[in-house]
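The values are calculated or read from the model by the stated rules, or taken from the named source; none is laboratory data. Keep in mind that what you see is a predicted model, and the values were worked out from it rather than measured. Here the Cβ positions follow ideal geometry from the backbone for every residue, glycine too, while neighbour counts run over all protein chains shown. We work out accessible area using only protein heavy atoms, side chains counted, and drop any ligands, DNA or RNA first. Shrake-Rupley method; radii C 1.70, N 1.55, O 1.52, S 1.80 Å.
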Amino acid sequence: MTRGIYSKLAKNNIFKNRRIYFPFILSVILSTFMLYMISSLALNPNLKNIPGGKDLASILGLGRIVTSIFVFIFLFYTNSFIVKRRSKEFGLYGILGMEKKHVSKVVFLENAFILVFSLIIGLVVSVILDKLFFSILIKMIGEKVPLGFYISKESLIFTALFISAIFLLIYLNSL
C-alpha cells in the first residue's frame with residue numbers, strides 16, 4: 001500500500017514539475033541517442049568491409065569514449081539544476097513529517113521513471129535511425145551502402161548500462 005503512495009507521489013512530482021523535468025528528460029533521450037549511435041557505428045561489422053573502415057571504426061571507438069565522458073558530465077550538470085530547484089520542496093517534505101528515507105524513496109522512483117521512459121524512447125529512436133546514419137557515413141566516404149539492417153546488441157546493452165549507472169550515481173549524489 002505505501003509503495004503505491006510513493007510511486008503516485010513520484011509521478012505527480014514529475015508531472016507538476018514538468019517545466020523542470022522536460023529539459024532533463026530531453027537531455028537524457030538525446031544523450032542516449034548520441035551514445036548508442038556512436039557505439040553502434042563503431043561496432044558495425046559492415047564498416048570493416050570498406051576500405052579505411054578499420055581506421056574509421058577505431059576513430060569512432062575513441063569517439064565513444066569521449067561521448068561517454070560528455071554524457072556523464074552533461075547529465076550530472078543538468079540534474080544538479082533540478083536538485084537546486086527542488087531543494088525547497090524537499091525541505092517542505094521534512095517539515096510535513098516525511099523522513100529522509102521516505103523522501104529518498106520518492107526521489108529513487110522519480111529517477112527510475114525518468115530512466116525507463118528516457119531509455120525506451122532514446123533506444124527506439126536510435127535503432128530506427130541507425131541505418132540512416134550508417135548510410136550517411138558510408139556515402140560521405142564514397143562507398144556503396146550495403147543492404148541489410150544491423151542492430152548492435154552490444155551497443156544497446158552498453159548504452160542502457162552506462163545511462164543506468166549514471167542515474168544510480170545521480171541518485172546517490174542527490175541523497
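Numbers at a glance
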| item | result |
| --- | --- |
| Loop-located chymotrypsin sites (Phe, Trp or Tyr not before Pro) in the range 83-175, at most 12 other Cβ atoms within 10 Å (DSSP) | PHE149 |
| Carbon/sulfur fraction of accessible area - the range 1-85, other protein chains in place, 1.4 Å, % | 70 |
| Charged-residue dipole, Cβ positions (Lys, Arg, Asp, Glu), the chain about Cα centre, Debye nearest 20 | 600 |
| Solvent-accessible area per residue, Å², over the chain with all protein chains present [probe radius 1.4 Å] | 60 |
| Residue (of ILE25, ILE59, LEU75) at the positive-pole extreme of the range 1-78, dipole from beta-carbon charges | ILE25 |
| Equivalent-ellipsoid semi-axes of the chain, from the Cα gyration tensor, Å, largest first | 40, 14, 12 |
| Probe 1.4 Å, all protein chains present, accessible-area order of SER164, SER87, SER118, largest first | SER87, SER164, SER118 |
| Summed residue charge, Cβ within 13 Å of VAL83's Cβ, Lys/Arg positive, Asp/Glu negative | +2 |
